[in-house]
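First comes the structure, then the notes that go with it.
What follows draws every value from the coordinates through simple rules; no lab data is involved. Because the structure is predicted, anything quoted here is derived from the model rather than measured. Cβ: placed from backbone, ideal geometry, glycine included. Neighbour counts: every protein chain shown.
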Amino acid sequence: MSLPPGFLDELRSRSSLSQVVGRKVMWDARKSNQGKGDMWAPCPFHHEKTASFHVDDRKGFYYCFGCHAKGDAISFVRETENVSFMEAVEILARETGMTMPARDPKAQEKADKRTQLADVMEQAVQFFRLQLKTGAAAPARDYLAGRGLDVAACDRWEIGFAADAWQAMWDHLRGKSVAEELILGCGLAKPSTKGGKPYDTFRNRIMFPIRDARGRCIAFGGRAMDPNDNAKYLNSPETELFDKGRSLYNHGPARTAAGKGQPLIVAEGYMDVIALAEGGFGASVAPLGTAVTENQLQLLWRISPEPIIALDGDKAGLRAAMRLIDLALPLLEAGQSLRFALMPEGQDPDDLIRSEGAPAVQKLLDQAIPMVKLLWQRETEGKTFDSPERKAALDKALREKIKLIRDPSIRSHYGQEIKDLRWQLFRARPQSGRKTPWKQPQNAPTPGAKSSLLAAAGEGAEEHLREAVILAAIIATPEIAAEFERGLEDLSCADPDHAALRDMILRHAIDAPTTLRAEIDANLGPAPLEKLHGLRHVAITPCLRKPGDVEMAQMTVAEELAKLQARRGLSAEIADAAEDLTGVADEAVTWRLAQAAEARNRATRSQQEDTTEYETGENGARINRDERTAFDALLDKISYSKPGR
């Protein structure tokens, strides 16, 4: 089977040689430069330990300085997979989404139509550029000047103008003896539905040539000069040359600039890209009138492992960013992600660079946020999580998004990052509007009371002591942490060391309890734990004297959390009552205080259930029923053993 040369050129253009080779080799990180497409590895064709096998991803060729093997993606697949030329082509075509041409014995005899189409497109570029210099294009030149583009800039970007005429391009190309089917095949004209001459696709528009990675003009983008035109921007229709979802504006120059170390920036439109490039950000590209597609995303990652998405600072721009996140999540790989630089509201990169200059853009690029932060922002911004149901809905939504990530390592890191962000959102913090607890005047403390542990700890002594017991019990038995996650989140922890230990428990003990101690030592050092275990009331905690007793630890933590909650509830009721007493007092205040005090008293008593059954004696005292039964049996035995019985 013969293949048209244009097909193989397109196949090589779409294939990433470094990705094809990367399946067979381990890259040398010290010698390789992924941003420049300059990759080195031990040769897969002969045994060696040094990295003498070189891949030039931009040119699409490999060469081994040891065994002198060389070739392109097709030859590499042939050699490593032991397949024929056509089988190698079919493998690469499937990977790049290209359809193999139908078998045609006369294919070799046919002219390469793609090459002919590319030649016609170059003629169109020159025609549009000449039209920009005519008198009819004066408003277009004024518009471009108002956008900061002088004559030299227009020449650099090959900007042109399509006259407000029905057959200007058609007549020009036909006058050059260009075949009608080629003009129509380029998308430069459309057939008339009334039986007349075909008419030009672009009329009264500023024209931007769209070139592929190899520099061939494959399409045009036209900006309407008529404000009443329904289509402000119009792209060429899809042709044999142009696949909108697989092309990027400024692809070739951006790849070169990114190879020299510039950050790859993805903007929305032609003018954004031109403004960024003119301002010094040469590695700028744009999708072509649609949201970024999966194929375009793969093209971006072939240029740079972490492109920066610079979208307009309006709702439409933010929605586009969110759609891109959903597209990118399943495709993430180690070292391959996205960052987002959100423009100020109502501005695009072109506006920003013209109003505030390149430093303002650079500042936004430096502050670009990772994808996980924007994912979190989407699920939480403008929402209130004041109920368990709303928090559960947030958790569910985030879990569903994280499940889309195929790479298990990245999925794990996303889960940990989301957990950290969740903790920052729900962590205990003073509630606005909370009333200051009422304080009853106290008599002066005695010298003995002043030296006690409770007095030394200050006003929050009781909470401090109970929090210490809770933290120590869970650190000793981390497998119970998940059961008490909500209670841990509510701990205020005025002591910085206690707060740090609480955070480590919430971040690590829930999912990986066995690693908790190692994480604490690695992140906090030994001091906070030594300080915690050095407290006398912690040292005498029953569950710490019986390490590994899960049931005892559960009862200890549950009891201490209940006591803390009851104490805080009583303080809140006292504060409310103190405020109410400034008005007309009634029995409701007394009842509320009594209920709160009773709740505190119940919690203060041990919550371990006493399953013993009691009877009331003649004097009103309670007697253990089992002990009473055993005592009666003993008396009967004694009485039966007496003489005469």
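Here segment 292-348 and segment 364-380 have alpha carbon centers that stand 11 Å from each other.
Once the C-beta distance of Thr50 and Glu81 is scaled by a Förster radius of 25 Å, the resulting FRET efficiency is 0.50 to the nearest 0.05. Report the paramagnetic label zone for Gln126: residues of segment 193-234 whose backbone N is under 13 Å from a point 7 Å from Cα along the Cα-to-Cβ axis. Label zone hits: none. Distances between placed amide hydrogens fall under 5 Å for Ala219 paired with Ile210, all partners being 5 or more residues away or on another chain. Once backbone amide H atoms are built at 1.01 Å from N, Phe61 has Asp56 as its partners under 5 Å, excluding neighbours fewer than 5 places away on the same chain. Pairs Lys232/Lys315; Lys59/Lys401; Lys24/Lys59; Lys315/Lys363; Lys113/Lys190; Lys31/Lys403: which exceed 28 Å Cα-Cα? Going by Cα-Cα distance, Lys59/Lys401; Lys31/Lys403 fall outside the 28 Å limit.
Can you pick out the pairs among Lys383/Lys419; Lys197/Lys244; Lys419/Lys563 whose Cα atoms lie more than 21 Å from each other? Don't skip to the answer; put the middle values down first.
Values: Lys383/Lys419 18 Å; Lys197/Lys244 27 Å; Lys419/Lys563 28 Å.
Table pairs above 21 Å Cα-Cα are Lys197/Lys244; Lys419/Lys563.
Taking other residues whose beta carbon is less than 11 angstrom from the beta carbon of Ala558, and scoring Lys, Arg as +1 and Asp, Glu as -1, yields -3.
Find out how many positive minus negative residues lie around Trp170, taking Lys and Arg as positive, Asp and Glu as negative, among other residues whose Cβ is under 12 Å from that of Trp170. Here the charged neighbours net out to +2. Residues whose amide H comes within less than 5 Å of that of Asp28, counting only those at least five positions distant or on another chain, are Trp40, Ala41 (H built at 1.01 Å from N in the peptide plane). Rg over Rh for segment 314-356 works out to 1.09, using Cα positions for both radii and the Kirkwood form for Rh.
In what order do Leu471, Leu8, Leu329 fall by count of nearby beta-carbon atoms within 10 Å, going from fewest to most? Could the numbers behind the result be given before it?
On the way: Leu471 27, Leu8 14, Leu329 21.
By the 10 Å Cβ count, ascending: Leu8, Leu329, Leu471.
Applying 1/(1 + (r/R0)^6) with r as the Cβ-Cβ distance of Lys24 and Glu238 and R0 = 35 angstrom yields a FRET efficiency of 0.50.
Averaging sequence separations of C-alpha pairs under 8 Å and six or more residues apart, then dividing by the length of segment 113-242, give the relative contact order as a whole percent. All intermediate terms of the calculation are to be shown ahead of the outcome.
On the way: 198 pairs, mean separation 33.2, N = 130.
It comes to 26 percent, rounded to a whole number.
Tally Lys and Arg at +1 and Asp and Glu at -1 over the other residues with C-beta under 14 Å from the C-beta of Leu365: what net charge comes out?
On the way: positive: Arg339, Lys363; negative: Asp272, Glu306, Glu356, Asp366.
Result for the neighbourhood of Leu365: -2.
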